[in-house]
Amino acid sequence: MRFRPGQKEVAEYKGGFLAVPAVPGAGKTTVLSWLAARLISEGLPRGGKVLVVTVMNAAVANFVRKIGDWLEERNLPRGVGFEVRTLHSLALQILRQRPDAALLRDDFSILDGGYRERLVEEIVLRWIDRNLERWQSVLKIDESHYSYQQALESWRRRTVELGQAMISHFKSEGLTPEQVDARVEGDGFLAWCAEYFRAYQQRLEQLGMLDFDDLLLRACALLEGDDELRSRLARGWPYIFEDEAQDSNPLQQRLLLALAAEHGNLVRVGDSNQAILGTFTNSDPRLFRDFAAREDVRALPMLQSNRSSRDIIDLANGLVRWCQDHPVPACRRALEPNYIEPVAPDDPHPNPVAPGYTLGIRAYKDLEEEVREVSKHAAGYVRRNPDKTVAILAPTNWLVGQFRDVLAELDAPFYEISTYPAQRRKTIDDLQAILSFLAQPGDNGLLTAALIRLVPDLADVPAITGYLEVVPVEQLLYGDISWPESLTEYDLWLDVRRGLEQLRSWLEAMHLPADMLVLEIAHDLGLQEQELAIAQKLAVDIKHRLHIFPNWRLPRVAEEVRLMTNSLLGAANVFFDRAGYKPQPGVINLVTAHRAKGLEWDTVYIVSVTSSEYPGMPGDKIRAEYGWLPEDLVNPVAAAQAELQGADKATAIRLAREELLCERLRLLYVAITRARVNLLLTWHRRTRFGRTKPALALRQLEKIMEAGKNAK
């Protein structure tokens, strides 16, 4: 294999602590895979394997495939000499070595991310019901205000998010409920979160379950306290590679350093400039930076990339350069000065060359116009260029949905890669609607809703739906009624009759346990592959809940399915990751900027680049903050963390706000570096809430583009 500068030095690694800062498109997966195959072919200690640790299941499959390919080139079996694991599966494997020492029950099980969210939500909402006056007392909005109910609902969601974030924070700090209680003074957000934490831990113990944070905590404690186990595992994994190291949190880093302590052979690869998960996780990009700066660590950057045209590289580098002199001192380290370099002209995979200058910025009157006009532009582009890959990158899932609706109206080809894409929701929504009807079979509205899931076009025929609403359900399903001739003339009439027969068949299967009933429905719906896997996951989850709550009947199960949506969508995302993703030419991909990380397209639209989505100054109004909270509580998580540390609230909130500014700058960098040739950034001047302004960084990008155009 021909290596580029930077890649070559990493590929020659023989041992020790190594940090590899890698720019977007530097080929880190290829180089790490080649290095693993090289070390295996040169001979590992008896029984030893190269351990590759990553975050996503998709990355696991990718590494397994690439390492296998390189081993085959060396005439070695594909699956020999290495393991690829997610951090959580690694922690679980470590605990399985000594379950007695880790204080694990024989029948313990793992609480997956979706179920954990559901459990915390249930605990927090129950707490709100019991502490309503206390919970509402922090709001600075009068009950008579027109948006009071909207603020209340938003505050309810944010309180759940506060509980989710702080429970993870407590665990990443290694704290117990008793230790958190000891730090509580007064009745601030920390006191609330301490109560959530205690209830959550009690519930886990009752269920005999561990969450992902527990896995990491106990694995760390086991490694650090058991010299024999640590030595044995070190012999089994004489080399450890970590991918996406910029997304590590303190617990994850602690685990890997403990594993590598015996032999000191640890390679950590990452890009601090792509650390964009801090808002959602406890990851901290400073950990990887600090590791790379250690005296006992060798740092070998990989800076050459063939992904993007020279103009896009210059734009990304210009953003990095501007950040070094950012008007907010705290933002000057938002982006590390790791400047992307194009590959050599004779590289077998050169950088793409644009036909002229194909970067631009466009402003629109309001958000509605921006969504409509960008959608039209993208639809026209794919019609003219069916061989090109295209994506629209939005800051939120809600905005992805707005583009989806407009593109559907335009009959433009699109594919949604959001956290909760519509096509993955359909199976869950179908099952939920059908179960809701079966739970209350006398309800005409539920019958109509279930029938529409079976015959979607029925929603557009009010004559039939209106009739279904007024005739008793029993008569519709079992009676010998004379249907009005005006209804039987519709083309979909036979489908409606078949749908009613199917609903009757499922009612007759009500003797089955709820989990078996779901599988019966899935079979009759003809679900295949990923859709069937989602239904099977739902059935397993229902069976698990019925084991915990044996008194539940179908109405309660149907309600639980609605509440399990996030968990099931999370499972769908795992299936999606395993299936992999490759952009299809001529199709507009819709995705959030966060989820776009790791992907690339020929043409990219970055939309809604406003100061509220990509803030650049402390005074910018940030969408994530809430005007109905007092100034010192506007960021509840920061306020709670400040209380935990005994720090000044105002200082903590200022620091949290500055960190958000830094993360949004990195998010903009990630979005820009998804483009190969063409890039358009857009913003709008007004929303229904008032005037907006462009992001501070967008003004600087405009100057860089002007210079680029003039240089052509």
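The values are calculated or read from the model by the stated rules, or taken from the named source; none is laboratory data. Predicted model, so just to flag it, every value in this text is computed and none were measured. Backbone-built Cβ (ideal geometry, glycine too); neighbour counts: all protein chains shown.
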- Item | Residue match in the stretch 358-370 (condition: of a type in the set (A, V, I, L, M, F, W, C), touching a His at 6+ places or on another chain (Cβ under 9 Å) and assigned to a helix (DSSP H, G or I)) | yes
- Can you name the number of the only condition in (1) within 35 Å of the chain's Cα centre (by Cα); (2) within 30 Å of W552 (Cβ to Cβ); (3) crowded, with 16+ Cβ neighbours inside 10 Å; (4) of a type outside the set (F, W, Y) that N444 fails? (1)
- Message: Going by what's in this entry, would R332 be described as free of Cβ contacts under 8 Å to residues at least 40 places away in the same chain, touching a Phe, Trp or Tyr at 6+ places or on another chain (Cβ under 9 Å) and part of a helix (DSSP H, G or I)?
- Response: no
- Item | Given (1) crowded, with 20+ Cβ neighbours inside 10 Å; (2) more than 30 Å from I128 (Cβ to Cβ), index of the condition P250 fails | (1)
- For the stretch 320-327, state whether one or more residues are more than 24 Å from F288 (Cβ to Cβ) and not in a helix (DSSP H, G or I). yes
- Query: Got a sec? Which helices (runs of 4 or more DSSP H) wholly within the stretch 145-256 have at least 3 residues that are modelled with pLDDT under 90 and of a type in the set (K, R)?
  - Reply: 148-172
- Among the candidates I392, I434, single out the residue that is in contact with a Leu (Cβ under 9 Å, 6 or more places away or on another chain) and not in a helix (DSSP H, G or I). I392
- Quick one: how many residues across the stretch 30-57 are assigned to a loop (DSSP other than H, G, I, E, B) and among the aliphatic types (A, V, I, L, M)? 3
- Given V60, V84, which one is within 26 Å of L287 (Cα to Cα), assigned by TED's automatic domain parsing to the domain that holds D227, not in a helix (DSSP H, G or I) and not small (G, A, S)? V84
- With respect to I464, is the statement that it is farther than 27 Å from Q528 by Cα, free of Cβ contacts under 8 Å to residues at least 40 places away in the same chain, β-branched (V, I, T) and buried (at least 16 other Cβ atoms within 10 Å of the Cβ) true? yes
- Is there a residue in the stretch 124-134 that is in a helix (DSSP H, G or I), at pLDDT below 80 and not assigned by TED's automatic domain parsing to the domain that holds S248? no
- Subset of the stretch 554-581, residues at pLDDT 80 or above and either over 27 Å from V160 (Cβ atoms) or in contact with a helix residue (DSSP H, G or I) (Cβ under 8 Å, 6 or more places away or on another chain) (or both), comes to L554, P555, V557, A558
- Message: Just to verify a result, which residue in the stretch 694-712, among those that are at pLDDT 95 or above and not in a helix (DSSP H, G or I), is surrounded by the fewest Cβ atoms within 10 Å (Cβ to Cβ)?
- Response: P694
- Do you know which of the residues in the stretch 81-100 that are small (G, A, S) and without any contact (Cβ under 8 Å) to a residue 60 or more places away in the chain is surrounded by the most Cβ atoms within 10 Å (Cβ to Cβ)? G81
